[in-house]
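To keep things clear, I will list the structure first and then write my remarks on it.
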Protein chains: 2
Amino acid sequence: MNRLDRVTDTAEGSATNRAYRRLRELIVAGDLKPGEKLKIDGLRKRLDTGASPIREALSLLTSDHLVERIDQRGFRAAEVSAANFNEILKLRCALEDQALRESIANYTEAWEEHVVLAHHRMLRAQNEKRDDFELLHKAFHMALLANANSPILLKFCSQLYDLNIRYRFLAGRALDYQQRDVRAEHAGILAAAIARDADTASERLLNHYKLTGAFLSGLLGSGTLG
Amino acid sequence: MNRLDRVTDTAEGSATNRAYRRLRELIVAGDLKPGEKLKIDGLRKRLDTGASPIREALSLLTSDHLVERIDQRGFRAAEVSAANFNEILKLRCALEDQALRESIANYTEAWEEHVVLAHHRMLRAQNEKRDDFELLHKAFHMALLANANSPILLKFCSQLYDLNIRYRFLAGRALDYQQRDVRAEHAGILAAAIARDADTASERLLNHYKLTGAFLSGLLGSGTLG
DNA sequence: ATTCAGTATTTTATCGATATTATCGCGGCA
DNA sequence: TGCCGCGATAATATCGATAAAATACTGAAT
């Protein structure tokens, strides 16, 4: 593979990075099912790359709790369970509460503008039903927390976000976002955040998660998921 | 390398696992200095193994925030800074507070016995000045939190513990544990935990961390490190 | 039928080699 | 003198092959 081929590849960066992003997509979106054995050779063919990048990408994904590594017995996609889902929800609420409050405490105009922009981009994608909505939705939520200036906390939140969204995909993408006025919830969080009202912002944010959580928890309980 | 050689190796498990453990030791103990470039070939010779296990171990360590991976530019040991240290301390307090309270809320006799045992082993190692004290010290703290039944939270706490202990090593192992009656602090935490007094236990645990934290923060501020 | 041992097959883990990329140093030029 | 680009060097990333381990399979004995 020479330089020119590289450029025309679907994504830039090293083969490992591409494999990492692609595999994460596949797991989060549920194309690789929970508990499924991730055979190197199969993935090698599927992603059209060597075994080394695959192995390294899978190693990286173990840190995101999306892949489990069993010594000498390869990799498998992380299992899902109601307990796991509830743990993620609880942790998310605790960590994002803290991050959002610190973010607001460190208020700057630059941050406010970033958040407003992220919200607008998300809204636009939502209205146009563009397929990058999920990406921008995450970007909005991360933007809210970014001003906490706490890289580790932010990374934890990002990981938990991905773990959570995986359950949304498993439950069926269409189901959840029709039921409520999610736009209003987002707008409410944004408004409270830029008004520097940490209590209200946090309450709305956590409510936003808990509503989705209760909905998904119901599905999980009724055995809809794997 | 055949089967018999494997068994006589310093540690068991795959080459990747051995490299992972060894590299983590080296970084936490400060033998690999913060910010130091981690050249594959150098480590390959130092640990007497191939490049693949080294790369994979370094990938795993990035998830522990002990190694930074820069695409196409290799790996380096994570930097240290006062800001980073304070972030770790703050997060640790928040997460361990939650974990400890849940652990106590889920009280069982089996858990109580585990904690008592872990405490005793740590104490014995401390009295005999054995070199596995650090390992047993971590085991005691993790045992306190284990009953929260929250694997992700526990893993976060474990990672933060390692990140924190790294600063202790960098500051010089001897310095901190002479100043206070750490034995009494541990005993106090244990007593409150098995008395199921979550408020007291958490207060003592957090104080335990904050005392060490203030001490190290002082050293950091005076430019003793990095 | 069931269990067990031994064998065949699949899969993982690891090595050695190569291609690609970054880095360093030197000489020419403003 | 200082800076830019080019070539040499070093390091990374990746591949293909092999060794080691686990899994699946077969058939005999109970």
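The values are calculated or read from the model by the stated rules, or taken from the named source; none is laboratory data. A quick note: this is a predicted structure, and the numbers were derived from the prediction, not measured. Ideal geometry is used to build each Cβ from the backbone, glycine not excepted, and the neighbour counts take in all protein chains shown. Calculation scope for accessible area: heavy atoms of the full protein, side chains included, ligands and nucleic acids excluded. Shrake-Rupley method; radii C 1.70, N 1.55, O 1.52, S 1.80 Å.
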Checklist (1) away from DNA strand D (no atom under 16 Å from the Cβ); (2) in contact (Cβ under 8 Å) with a residue 24 or more places away in the chain; (3) open to solvent by 30 Å² or more (accessible area, probe 1.4 Å) applied to residue B:103, failing item: (3)
Over segment A:55-68, the set of residues open to solvent by 40 Å² or more (accessible area, probe 1.4 Å) and more than 8 Å from every other protein chain (Cβ to nearest Cβ) is A:68
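Of all residues in segment B:69-83 being of a type in the set (Gly, Ala, Ser) and more than 14 Å from residue B:41 (Cα to Cα), which is farthest from the other protein chains (Cβ to nearest Cβ)?
Looking only at segment B:69-83, we keep the residues that are of a type in the set (Gly, Ala, Ser), and these are B:74, B:77-78, B:81-83.
Then drop every residue that is not more than 14 Å from residue B:41 (Cα to Cα), which leaves B:77-78, B:81-83.
Numbers: B:77: 16, B:78: 11, B:81: 11, B:82: 13, B:83: 8 Å.
Among those that are of a type in the set (Gly, Ala, Ser) and more than 14 Å from residue B:41 (Cα to Cα), it is B:77.
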Identify, please: which residue in segment B:69-100 is within 16 Å of DNA strand D (Cβ to nearest atom) and surrounded by 22 or more Cβ atoms within 10 Å (Cβ to Cβ) and is, among those, nearest to the chain's Cα centre (by Cα)? B:77
Hey, could you check segment A:25-48 for residues that are of a type in the set (Val, Ile, Thr) and either at pLDDT below 95 or open to solvent by less than 20 Å² (accessible area, probe 1.4 Å) (or both) and say which is nearest to DNA strand D (Cβ to nearest atom)? A:27
Quick one: which residue in A:22, A:44 is within 19 Å of the chain's Cα centre (by Cα) and farther than 25 Å from residue B:159 by Cβ? A:22
Let me spell it out: the conditions are (1) over 12 Å from the mean Cα position of the chain (by Cα); (2) within 14 Å of another protein chain (Cβ to nearest Cβ); (3) part of a helix (DSSP H, G or I); (4) surrounded by fewer than 22 Cβ atoms within 10 Å (Cβ to Cβ), and residue B:149 meets all of them except one. Which number is the exception? (3)
When segment B:115-146 is checked residue by residue, the ones that are of a type outside the set (Lys, Arg), under 21 Å from residue B:93 (Cβ atoms), under 12 Å from the mean Cα position of the chain (by Cα) and open to solvent by 10 Å² or more (accessible area, probe 1.4 Å) are B:134, B:139, B:142
Please go through segment B:84-95 and pick out each residue that is facing chain A (nearest Cβ under 10 Å), in contact with a Ser or Thr (Cβ under 7 Å, 6 or more places away or on another chain) and among the hydrophobic types (A, V, I, L, M, F, W, C). none
